[in-house]
Amino acid sequence: MTGITVYGIPGSPFLRAVEVALKEKDVPYHFQALAPGEHKSDEHLKRHPFGRVPAFEHDGFALYETQAIIRYLDEMFIHPPLTPGNPKQRARMNQIIGIIEWYFFPKAAAPIAFNRIIGPKLLGLPSDEAAIAEAMPMARTCFAELDRLLGEKPYLAGDSISIADIMLASQLDLLCESPEGRELISGTRLKQWLERILARPSFVATAPPPFLREAA
Ligand SMILES: N[C@@H](CCC(=O)N[C@@H](CS)C(=O)NCC(=O)O)C(=O)O
């Protein structure tokens, strides 16, 4: 056993990215599911003071922030590598992770997926249509730019799957269950890329709970 525990709410795209990385590397781990709301409990706030998921432990070493967790796994369990050896490809991967963390997730994917899927189906909240409309210009910029950066390559950073592919596909799978997500990805090269990535055993094994798919 590796002594790895991952804490999260099933359906969370960031949680999924960590689980996909573990499965790509065939590293066994224990998954500790949190109920919705439990991520704000005193117990979880000790693991993650910002009250988010995922949180991670490895033999007593505690860590949160998805890309930090996956980069740690990539150094601890080196096969297969999820970071390109080539500096230009590595820079592209890092650029795309930056786009996901600063523009795509907080300003586009989160407001749309929360108001179309998570809020109405998981938490019983009404959709905030104004928040969705406000997120659409940033979402369009993100899709156009991520599509341009993918270009004709098989993966975002080059010839093999990297942390950028894992993080983006985990986000897009849920977002593209919404009408807005389906419209945004339609006609892009990201659409075929996403289908290929989602067919990998690591993604199949970590698919979101079916009720989230029925949501949109
Ligand atoms: N920067 C964090 C973001 C994690 C994050 O926002 N997770 C979402 C679920 S995908 C969450 O915990 N949302 C709960 C909340 O905001 O209350 C990371 O990379 O792990």
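Observations on the model:
- Residue 88 more than 12 Å from the ligand (Cβ to nearest atom), modelled with pLDDT of 95 or more, under 15 Å from the mean Cα position of the chain (by Cα) and not aliphatic (A, V, I, L, M): no
- Just so you know, in segment 7-25 the residues that are outside any helix (DSSP H, G or I) and touching a residue at least 60 places away in the same chain (Cβ under 8 Å) include one that is nearest to the ligand (Cβ to nearest atom), and it is 11.
- Neighbours by Cβ (under 7 Å, 6+ apart or cross-chain): first from segment 27-48, in a loop (DSSP other than H, G, I, E, B); second of a type in the set (Ser, Thr, Tyr): 27/2; 28/2; 29/2; 29/5; 34/7; 48/64
- Within segment 59-84, considering residues that are of a type in the set (D, E, K, R) and more than 16 Å from the ligand (Cβ to nearest atom), the one nearest to residue 163 (Cα to Cα): 75
- The sole residue among 199, 139 that is aliphatic (A, V, I, L, M), over 14 Å from residue 20 (Cβ atoms) and over 15 Å from the mean Cα position of the chain (by Cα) is 139.
- Whichever residue in segment 33-58 is open to solvent by 80 Å² or more (accessible area, probe 1.4 Å) and in contact with a strand residue (DSSP E or B) (Cβ under 8 Å, 6 or more places away or on another chain) and, among such residues, is nearest to the ligand (Cβ to nearest atom): 52
- Residue 101 fulfils the conditions (1) more than 30 Å from residue 153 (Cα to Cα); (2) out of contact with any Phe, Trp or Tyr (no Cβ under 7 Å at 6 or more places or on another chain); (3) within 15 Å of the ligand (Cβ to nearest atom); (4) of a type in the set (D, E, K, R) except for a single criterion, (1).
- Test for residue 206: is it surrounded by 15 or more Cβ atoms within 10 Å (Cβ to Cβ), over 20 Å from residue 69 (Cβ atoms) and of a type in the set (S, T, N, Q): no
- Taking first residues from segment 62-89 that are more than 20 Å from residue 156 (Cα to Cα) and partners that are at pLDDT below 95 and basic (Lys, Arg), no Cβ contact under 8 Å between residues at least 6 apart in sequence or on separate chains turns up.
- Residues within segment 59-68 that are over 18 Å from residue 39 (Cα atoms) and surrounded by 12 or more Cβ atoms within 10 Å (Cβ to Cβ), tallied: 1
The values are calculated or read from the model by the stated rules, or taken from the named source; none is laboratory data. What you see is a predicted model, and the numbers here were worked out from it, not measured in a lab. Here Cβ is always computed from backbone atoms with ideal geometry, including for glycine, and neighbour counts include all displayed protein chains. Ligands, DNA and RNA are excluded from the accessible area calculation, which covers all protein heavy atoms including side chains. Shrake-Rupley method; radii C 1.70, N 1.55, O 1.52, S 1.80 Å.
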